[in-house]
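Asker: Here it is, the structure in full.
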Amino acid sequence: MGLLIIALVTVILLFARRFWAWARRKPLPQVAVRPGTKGKVRRFVDGLGKIKAPARITPMLTAVEVDEWRCAAEAVERQAIEAGPEPDCEVLVVGAGPSGLMTAVLLARQGVKVRLIEKNTGPATESRAFAVQARTVELFRNIGLAEELMGRGVVTTGIKFHIKGKPVGGLDFDRARAATTPYQFILMAPQAEIEDLLLRDLARQGVTVERGTRLVSLSQTDKQVMATIRQNDRERVISARYVVGADGSHSTVREQLGLAFEGDRYTQRYLLADCQVDWPFDHSHFRIFMNGRRIGLFLPLKGSDVSRVMVTDLTTGTGPVDLGELQEELREAMRVPVVLTNPVWTSRYQVHIRKVEDYRSGRVFLVGDTAHIHSPAGGQGMNTGLHDAANLAWKLAAVLRTGAAAALLDSYDQERRPVGVEVLRFSDRLYKLAAGLHGWRAWVRDTAGPFVIGRMSAAPLPHRKAFHRLSQISIAYEPSTYNVNELLYSLKGPLAGHRAPDARINAGGQMFDLLRGYRLHVVALSRKHLTDAEITELTAQLNSIKAFGGNVATHLVGRVQCRRDDRVEHVDSPQVFEHYGLTDPESQALYVIRPDGHVAWRMDTLDFESCRRFLVRLHGGIAACEEYRLAAVA
């Protein structure tokens with residue numbers, strides 16, 4: 001009877017979970033029964049809601065298959081010949097803001113010939129963007145710049161809320177239980193610092209920003225893009241295989257493509273200043289002040305020397321911002337004695353919410369503010385643009401360098417446009433809740449807010465949910481031709497399209513240490529203790545994948561029966577298995593992890609032939625290996 005009740009409850013829960021996923025139009029992938037499960041009861045319970053594992057036949061790739069894939073790799077050279085004269089560059093990036101700089105940096109690191117033009121004559125000195133989320137710090141760690149980035153910002157571990165001058169609670173990210181990232185905080189780093197960091201790295205790659213250069217017009221064929229640029233009052237035409245538009249909300253690239261920038265602007269205006277703030281509170285926490293139709297923000301930047309303050313602009317002024325004017329408005333919003341001095345930068349601005357319907361038009365792609373702009377609520381804008389760049393750059397390099405099919409580039413719009421839409425919705429909801437209320441709605445917020453926020457602050461769940469949403473570590477892409485769950489024995493661990501989590505491997509390293517470098521990674525995981533013969537076989541399989549080219553890194557992570565072996569990343573903590581879904585003591589899995597840190601392919605067994613086939617589809621580099629072709633023929 002007890003077994004029947006357990007089975008019934010399990011079936012109900014499984015049905016409810018799949019129904020909820022179906023209702024959200026995000027159906028869960030099918031899960032198979034793990035072969036070899038011992039015991040009738042355990043086999044019965046483990047099999048509830050699962051399908052029988054399909055029989056898998058994995059013969060050596062045939063010579064015909066290898067020749068077909070070789071043709072895909074060789075197509076890169078044929079396209080270059082058919083395109084006629086060599087273009088001036090492979091990728092032209094228009095705009096040297098954070099998104100454009102990141103795109104150029106990542107392309108240059110993969111050996112792509114890139115040019116970067118910028119209409120302004122010098123780097124930006126003011127910074128609208130300020131918050132660097134955990135997912136973005138992970139991206140900078142991937143390219144070896146996280147430590148320098150951390151040195152340019154201030155770590156804040158939460159958000160404190162004040163209503164009518166009184167503290168009412170807040171979000172504490174120390175309580176977020178985010179073990180999958182080493183960066184459980186928001187880094188307050190001005191946009192100008194981010195740009196300077198990327199500029200220095202770009203210079204190390206041998207690329208210089210062509211400043212004072214304005215895009216005049218664009219035209220494209222099915223082979224290349226022709227861009228007319230103006231520099232020093234002289235116009236000339238340059239050619240490129242692809243163009244990336246990163247020239248902001250007033251984009252010339254978007255205008256030349258004829259793409260509408262649909263949306264509207266909020267009615268409220270804001271006053272902003274980077275200055276010295278003298279007040280009763282510390283200079284280390286992000287604070288939000290609400291008082292009727294006014295909202296004030298305090299953001300730590302450089303301790304007590306420089307902080308950012310923002311406040312709703314209820315004045316009728318249109319000219320430059322007077323610091324005294326801003327101070328009076330801020331005192332009304334905060335209801336605390338605050339004194340502002342030594343301004344570095346002041347601004348009066350109005351927030352827009354806009355987006356394009358297509359991130360790609362032929363051989364031209366849009367990233368960052370060129371594709372989407374929204375309110376600063378949640379600190380999402382700059383981060384979203386940087387990850388647009390990370391998603392696009394490796395795909396361009398795969399098509400240009402390793403023979404990947406041009407269809408791979410379609411996945412940029414398919415993956416990033418839904419993310420952009422959701423970020424716009426999220427920031428819009430935050431904005432309207434905090435700053436978009438007036439009249440009786442603002443009165444209700446100010447009256448009920450202390451109780452609601454106080455109860456929220458006492459519970460653990462809001463801190464965890466808020467951090468995962470704000471940090472962007474929960475962003476995932478839908479299953480597709482390039483995001484594949486080949487065979488699953490469990491829904492635990494990252495599915496294809498989801499972010500690959502960090503985890504402790506041993507005292508000397510984390511999973512993110514293995515995944516360094518903006519490149520493809522193939523990771524074989526084994527919770528089962530490996531014999532010396534198994535280690536030799538698995539190492540040979542991984543080396544054969546590495547030999548296929550395409551800058552693929554391979555890793556064997558697991559436990560061993562014998563003494564430590566340098567061929568294996570020895571595991572002394574179960575965390576890496578827990579985070580990657582290896583729940584059974586004998587479980588093994590194979591992951592392909594993309595350069596942008598998302599899982600491209602997952603299989604809950606070590607099937608290297610299936611992995612090779614997927615790698616060909618993803619980037620084509622496998623086709624260039626003569627040794628493998630000879631082995632297949634033999």
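The values are calculated or read from the model by the stated rules, or taken from the named source; none is laboratory data. Keep in mind it's a predicted model, so treat the numbers as computed, not measured. Cβ atoms come from the backbone with ideal geometry, glycine included; neighbour counts cover every protein chain shown. The area values use the complete protein model at the heavy-atom level, side chains included, leaving out ligands, DNA and RNA. Shrake-Rupley method; radii C 1.70, N 1.55, O 1.52, S 1.80 Å.
Asker: If I ask for residues that are closer than 17 Å to Ala448 by Cβ and buried (at least 22 other Cβ atoms within 10 Å of the Cβ), which ones from the stretch 290-302 would you list?
Answerer: Met290, Ile295
Asker: Shifting gears a bit: When only residues in the stretch 109-168 that are more than 27 Å from Met310 (Cβ to Cβ) and β-branched (Val, Ile, Thr) count, which is surrounded by the fewest Cβ atoms within 10 Å (Cβ to Cβ)?
Answerer: Thr121
Asker: Could you run through the stretch 423-441 and say how many residues are in contact (Cβ under 8 Å) with a residue 24 or more places away in the chain, within 24 Å of Asn383 (Cβ to Cβ) and not aromatic (Phe, Trp, Tyr)?
Answerer: Result for the stretch 423-441: 8.
Asker: Under 7 Å between Cβ atoms, at least 6 apart or on separate chains: pull out the pairs that start in the stretch 396-411 with a residue that is more than 16 Å from Tyr477 (Cβ to Cβ) and not assigned by the TED database to the domain that holds Gly245 and end on any residue that is open to solvent by less than 20 Å² (accessible area, probe 1.4 Å) and at pLDDT below 95.
Answerer: That search, which allows pairs on different chains as well, returns nothing.
Asker: A follow-up question, please. Checking the conditions here, which among Val244, Val309, Val277 is outside the structural domain of Leu171 (by the TED database), open to solvent by less than 60 Å² (accessible area, probe 1.4 Å), assigned to a strand (DSSP E or B) and among the β-branched types (Val, Ile, Thr)? Reasoning before the result, please.
Answerer: On the way: Val309 fails: outside the structural domain of Leu171 (by the TED database); Val277 fails: outside the structural domain of Leu171 (by the TED database).
Result: Val244 is the single residue among Val244, Val309, Val277 that is outside the structural domain of Leu171 (by the TED database), open to solvent by less than 60 Å² (accessible area, probe 1.4 Å), assigned to a strand (DSSP E or B) and among the β-branched types (Val, Ile, Thr).
Asker: Go through Ala203, Ala179 for me and flag whichever is open to solvent by 50 Å² or more (accessible area, probe 1.4 Å) and over 28 Å from Ser249 (Cα atoms).
Answerer: Values: Ala203 fails: over 28 Å from Ser249 (Cα atoms).
Just one listed residue meets the conditions, Ala179.
Asker: Could you list, ordered by first residue, the pairs with Cβ atoms under 6 Å in which the first is in the stretch 612-627 and more than 13 Å from Val399 (Cα to Cα) and the second is surrounded by fewer than 22 Cβ atoms within 10 Å (Cβ to Cβ) and modelled with pLDDT under 85, at least 6 apart or interchain?
Answerer: Close Cβ pairs satisfying both conditions: Ala623/Arg70; Ala623/Ala72; Ala624/Gly549; Cys625/Ala547.
Asker: Give me the residue from the stretch 551-605 that is part of a loop (DSSP other than H, G, I, E, B), polar (S, T, N, Q) and within 12 Å of Lys528 (Cα to Cα) and, out of that set, least open to solvent (accessible area, probe 1.4 Å).
Answerer: Filtering the stretch 551-605 down to residues part of a loop (DSSP other than H, G, I, E, B) leaves 551, 561-568, 571-574, 580-587, 594-597, 604-605.
Filter once more, so that each one left must be polar (S, T, N, Q): 551, 561, 573, 583, 587, 605.
Applying the additional criterion that residues be within 12 Å of Lys528 (Cα to Cα) yields 561, 583, 587, 605.
Numbers: Gln561: 125, Thr583: 71, Ser587: 2, Thr605: 44 Å².
Looking at residues that are part of a loop (DSSP other than H, G, I, E, B), polar (S, T, N, Q) and within 12 Å of Lys528 (Cα to Cα), I get Ser587.
Asker: Could you list, ordered by first residue, the pairs with Cβ atoms under 8 Å in which the first is in the stretch 442-471 and part of a helix (DSSP H, G or I) and the second is of a type in the set (Lys, Arg) and open to solvent by 70 Å² or more (accessible area, probe 1.4 Å), at least 6 apart or interchain?
Answerer: Ala442/Arg293; Asp446/Lys164; Pro450/Lys166; Pro460/Arg175; Pro460/Arg177; His463/Arg175; Arg464/Arg175; Arg464/Arg177
Asker: What about Glu193, is it surrounded by fewer than 21 Cβ atoms within 10 Å (Cβ to Cβ), free of Cβ contacts under 8 Å to residues at least 12 places away in the same chain, assigned by the TED database to the domain that holds Ala104 and within 27 Å of Asn391 (Cα to Cα)? Walk me through it before giving the result.
Answerer: Values: surrounded by fewer than 21 Cβ atoms within 10 Å (Cβ to Cβ): yes; free of Cβ contacts under 8 Å to residues at least 12 places away in the same chain: no; assigned by the TED database to the domain that holds Ala104: yes; within 27 Å of Asn391 (Cα to Cα): yes.
Answer is no for this residue.
Asker: Can you tell me which of (1) touching a Phe, Trp or Tyr at 6+ places or on another chain (Cβ under 8 Å); (2) small (Gly, Ala, Ser); (3) without any contact (Cβ under 8 Å) to a residue 12 or more places away in the chain is the one Ala503 doesn't meet?
Answerer: Evaluating Ala503 over (1) touching a Phe, Trp or Tyr at 6+ places or on another chain (Cβ under 8 Å); (2) small (Gly, Ala, Ser); (3) without any contact (Cβ under 8 Å) to a residue 12 or more places away in the chain leaves (3) as the failure.
Asker: When you scan the stretch 368-378, do you find a residue that is open to solvent by 40 Å² or more (accessible area, probe 1.4 Å) and under 17 Å from the mean Cα position of the chain (by Cα), even just one? Reasoning before the result, please.
Answerer: Just the residues of the stretch 368-378 that are open to solvent by 40 Å² or more (accessible area, probe 1.4 Å), to begin with: 369, 376.
Right, trim to under 17 Å from the mean Cα position of the chain (by Cα) and you get 369.
So far as the stretch 368-378 goes, yes, one or more of its residues are open to solvent by 40 Å² or more (accessible area, probe 1.4 Å) and under 17 Å from the mean Cα position of the chain (by Cα).
Asker: Given the conditions (1) open to solvent by 40 Å² or more (accessible area, probe 1.4 Å); (2) out of contact with any Pro (no Cβ under 8 Å at 6 or more places or on another chain); (3) not in a strand (DSSP E or B), and given that Val253 satisfies all but one, which numbered condition is not satisfied?
Answerer: (1)
Asker: Where in the stretch 137-238 are there strands (runs of 3 or more DSSP E), lying wholly inside it, with at least 3 residues that are under 27 Å from Ser457 (Cβ atoms)?
Answerer: Numbers: elements: 154-156, 158-163, 166-172, 186-188, 209-211, 213-220, 225-231.
Fully inside the stretch 137-238 and qualifying: 154-156, 158-163, 166-172, 186-188.
Asker: Quick check: anything in the stretch 406-414 open to solvent by 10 Å² or more (accessible area, probe 1.4 Å), farther than 23 Å from Leu272 by Cα and aliphatic (A, V, I, L, M)? Break it down stepwise before answering.
Answerer: At the first step, the residues of the stretch 406-414 found to be open to solvent by 10 Å² or more (accessible area, probe 1.4 Å) are 406-407, 410, 413-414.
When the remaining residues are screened for being farther than 23 Å from Leu272 by Cα, the result is 406-407, 410, 413-414.
Checking the rest, the ones that are also aliphatic (A, V, I, L, M) come to 406-407.
Yes, some residue in the stretch 406-414 is open to solvent by 10 Å² or more (accessible area, probe 1.4 Å), farther than 23 Å from Leu272 by Cα and aliphatic (A, V, I, L, M).
Asker: Please enumerate the residues belonging to the stretch 317-366 that are open to solvent by 50 Å² or more (accessible area, probe 1.4 Å) and in a loop (DSSP other than H, G, I, E, B).
Answerer: Matches in the stretch 317-366: Thr318, Pro320, Asp322, Arg335, Pro337, Glu357, Asp358.
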